[in-house]
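Participant: Quick one: the structure is below, and I'll ask about it shortly.
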Amino acid sequence: MAEINKAPRGTNDVLPEDSYKWQFVEQKLTETAGLYGFKEIRVPVFEHTEVFTKNVGDTTDVVQKEMYTFTDKGDRSITLRPEFTAGVIRSVIENSLTAAALPVKVCYHGGCYRYEKPQAGRLREFHQFGAECVGAASPAADAEIIAMANQLLKDVGIRKISLEINSIGCPECRKVYHSALKKYFEGNKDELCATCRDRLERNPMRILDCKSPICADIAKSAPNVTDYLCEDCDNHFKAVQAHLTAMDINFKVNPRIVRGLDYYTRTVFEFISGDIGAQATVCGGGRYDGLLEQMGGQPQPALGFAMGIERLLMVLESQNAELPEPKKCDLYIAPMGEVAAIKASVICSSLRDEGFEALTDIVGRGLKAQMRYANKIGAAYTVVLGDSELESGLVRLKCMETGGETETELDMLSDTLYNAKILDFVDRINIENENRPF
Ligand code: ATP
Ligand code: MG
């Protein structure tokens, strides 16, 4: 029987002590994508199953092995999104977003669901941030989206990551490549896994993406797609590289990158980290010029990428990146007695109106226990509110870090707190400057 007090295998809770990292990363990514003109889109967590089977590709690992599919009470086959692109493009078509100015630029973040073998960096519920750009065919678009992914990773604080790119051609040159691959793998047919033996007939390029060590070993000497590109695809790929070089973005051409999903054409890319073990791809993407037409929309060139937020956070952690400190309580008011408790609630609410995190006792603790609590939650300042303070209208604002106290009128508490925070901030900068070696 399932253990009901445990989260399902392959899922993680993000606890309050860590959620600030997620908020920072999601906000920063959305903000930087905004600088490139991307606006957020929100799509359902589930779609009709065909959205994925038809478009992600029925010979891919995702569709063949990993989807959470169920029949709903209306007898429809529904699937929890294993990725966003298919659902986002479904929405772009359904809502005629391409009728407005092209290119359409959208970004998103949220949970994805894949029935995988859970391990470090591989979960059953994981989270992606991604972007899709519809209506741009030129190599400048490929370069821009790669540059954006590169900047996103940099802006959240990743210092070192490598970029690998490839071109997997168009349906025309891919035909030739497929037959070369087929010929190659037929020589090793008996050693391939059962899934890949089936792929050999239907989509031999998928074998290059197989995670089985035997298939991966055989794939090592398979022909390279870059040797089979038609002239247009070859020129496109060269132009993308020229753009990247001009923008000073380091990359390596890796002809083995084919990406796990069927809809890609031409440029594909991955950002890979050496800091997080075997599941090293933090971000993957590419061009998918055929997808809109395949999904019943007007043909439009398109491209995008998705990054795994868990893997991204793992990289940040292993590189000891400094994330902005989570916000803490600005002021804890410790009331003594019932009248003071009511007054404390009133003061707290007006401080909150001014943007301060202000807390007071809602447990019924004595003064000592309240101060211990204020310490535990890291309150920056405290005020004790007893009969004499209520009578005189004066309180002592105590800085918990230094122990220093300032007397202030209750009515002026918010101004004094504001000034104290500024002075404190200036003090801290001065101390930091004094400690600098130069
Ligand atoms: P992999 O080769 O690691 O299986 P993939 O090709 O299946 O990756 P994509 O479908 O391109 O991955 O998804 C984009 C990104 O989402 C990945 O680069 C990775 O960072 C993240 N990702 C994919 N699957 C998982 C998972 N099961 N758990 C955590 N992150 C994942
Ligand atoms: Mg995968």
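Participant: For residue 311, tell me the accessible area in Å² from a 1.4 Å probe, rounded to the nearest 10.
Facilitator: 40 Å²
Participant: So, one more: Return the single residue from 118, 301, 335 with maximal mean-square fluctuation; model: Gaussian network over the chain, springs between Cα atoms under 10 Å.
Facilitator: 335
Participant: Moving on to the next point. At what distance in angstrom do the alpha carbon centres of segment 175-202 and segment 128-157 lie from each other?
Facilitator: Each part's Cα centre sits 33 Å from the other's.
Participant: Need the list of lysines near residue 327 for cross-linking: C-alpha distance under 24 angstrom, and skip anything on the same chain fewer than eight residues off.
Facilitator: Result set, ordered by chain and number: 21, 28, 154, 376, 398, 421.
Participant: Subtract the Cα-Cα distance of residue 375 and residue 151 from 0.36 nm times their separation in residues, and report this length gain in nm to one decimal. List each step's numbers first, then the result.
Facilitator: Values: separation 224, 0.36 × 224 = 80.64 nm, distance 3.87 nm.
The residue 375-residue 151 span can extend by a further 76.8 nm.
Participant: Is segment 5-72 best put as rounded, prolate or oblate by its Cα gyration tensor, with a ≥ b ≥ c the root eigenvalues, rounded for a/c under 1.5, and otherwise prolate when a/b is larger than b/c, oblate when not?
Facilitator: Verdict is oblate for segment 5-72.
Participant: Continuing with the same structure: Taking a label point 7 Å from the Cα of residue 20 along the Cα→Cβ vector, which residues of segment 304-339 have an amide N closer than 12 Å to it?
Facilitator: 323-330
Participant: After finding the eigenvalues of the alpha carbon gyration tensor for segment 331-425, what semi-axes result from the square roots of 5 times each, listed largest first in whole Å?
Facilitator: Numbers: eigenvalues 66, 47, 33 Å².
Semi-axes (√(5λ), whole Å): 18, 15, 13.
Participant: Let me ask something else about it. Name the lysines eligible as straight-distance cross-link partners of residue 183: C-alpha to C-alpha under 29 Å, and not fewer than 8 places from it in the same chain.
Facilitator: Qualifying lysines at Cα under 29 Å: 54, 65, 175, 211, 220, 238, 252.
Participant: With axes computed from alpha carbons, what is the tilt in degrees of helix 231-246 against the longest principal axis of the chain, rounded to the nearest 10 within 0 to 90?
Facilitator: For helix 231-246, the angle is close to 30 degrees.
Participant: Once you have a ≥ b ≥ c as the square roots of the Cα gyration tensor eigenvalues for segment 117-230, tell me rounded if a/c is under 1.5, and otherwise prolate or oblate according to whether a/b is larger than b/c.
Facilitator: It is oblate, given that a/c is not under 1.5 and a/b is not larger than b/c.
Participant: Leaving out ligands, DNA and RNA, what percent of the accessible area of the chain is carbon and sulfur, probe 1.4 Å?
Facilitator: Working: 11510 of 22810 Å².
For the chain, the apolar C and S fraction of the accessible surface comes to 50 percent.
Participant: Here's a follow-up. For residue 384, what residues show an amide H to amide H distance below 5 Å, using hydrogens built from the backbone and excluding near sequence neighbours?
Facilitator: Distant-sequence amide H within range of residue 384: 334, 396.
Participant: Roughly how far apart, in whole Å, are the Cα centres of segment 54-74 and segment 288-362?
Facilitator: When both Cα centres are located, 33 Å separates them.
Participant: For segment 109-226, report the accessible area per residue in Å² (1.4 Å probe, heavy atoms, rounded to an integer). List each step's numbers first, then the result.
Facilitator: Details: 4980 Å² over 118 residues.
Ligands and nucleic acids excluded, the result is 42 Å² per residue.
Participant: Rg(Cα) of the chain divided by 2.2 N^0.38 Å?
Facilitator: Cα Rg divided by the expected 2.2 N^0.38 Å: 1.26.
Participant: Please identify, among 194, 280, 242, the residue showing maximal mean-square fluctuation in a Gaussian network model of the chain using a 10 angstrom Cα cutoff.
Facilitator: 194
Participant: Also, quick follow-up: Round to the nearest 10 and give me the degree value, 0 to 90, for the angle of helix 413-435's Cα axis relative to the longest principal axis of the chain.
Facilitator: Relative to the chain, helix 413-435 is tipped by roughly 60 degrees.
Participant: Okay, moving on. What ranking do 27-36, 349-358 get when scored by the average of other Cβ atoms within 10 Å per residue, highest first?
Facilitator: Final packing ranking: 27-36, 349-358.
Participant: Another question about this same structure. I need the phi-derived Karplus couplings for segment 341-353: 6.51 cos²θ - 1.76 cosθ + 1.60, θ = phi - 60°, integer Hz, Gly and Pro marked x.
Facilitator: Those phi angles translate into 4, 5, 4, 4, 4, 5, 4, 4, 5, 6, 5, 5, 4 Hz.
Participant: If you don't mind, another one. Hey, in the GNM for the chain with a 10 angstrom Cα cutoff, which one of 262, 18, 142 fluctuates hardest?
Facilitator: The residue with the greatest mean-square fluctuation here is 18.
Participant: A follow-up question, please. Only helical DSSP H runs with n ≥ 4 go in: add -39500 (n - 2.57) per run for the chain, normalise by residue count and round the 222 nm mean residue ellipticity to 500 deg cm²/dmol.
Facilitator: About -12000 deg cm²/dmol.
Participant: Further question on the same structure: Taking the chain as the reference, fit the longest principal axis to its C-alpha atoms, fit the long axis of helix 309-318 to the helix C-alpha atoms, and give the angle between the two in degrees, 0 to 90, nearest 10.
Facilitator: Roughly 70 degrees between the two axes.
Participant: Under the rule a/c < 1.5 gives rounded, and otherwise a/b versus b/c splits prolate from oblate, where does segment 51-200 land using the Cα gyration tensor?
Facilitator: Judged from the Cα gyration tensor, segment 51-200 comes out rounded (a/c under 1.5).
Participant: With a 1.4 Å probe and every protein chain left in place, work out the accessible area per residue of segment 331-425 in Å², rounded to a whole number. Can you show the working numbers first?
Facilitator: Values: 5590 Å² over 95 residues.
Counting only protein heavy atoms, the per-residue value for segment 331-425 is 59 Å².
Participant: Got a sec to turn the phi values of segment 55-60 into Karplus ³J(HN,Hα) couplings, 6.51 cos²θ - 1.76 cosθ + 1.60 with θ = phi - 60°, whole Hz, x for Gly and Pro?
Facilitator: Along segment 55-60, the couplings run 9, 6, x, 7, 10, 8 Hz.
Participant: For segment 8-81, what is the accessible area per residue in Å² when the probe is 1.4 Å?
Facilitator: For segment 8-81, the per-residue accessible area is 59 Å².
The values are calculated or read from the model by the stated rules, or taken from the named source; none is laboratory data. A quick note: this is a predicted structure, and the numbers were derived from the prediction, not measured. Backbone-built Cβ (ideal geometry, glycine too); neighbour counts: all protein chains shown. The accessibility values were calculated without ligands, DNA or RNA, using every heavy atom of the protein model including side chains. Shrake-Rupley method; radii C 1.70, N 1.55, O 1.52, S 1.80 Å.
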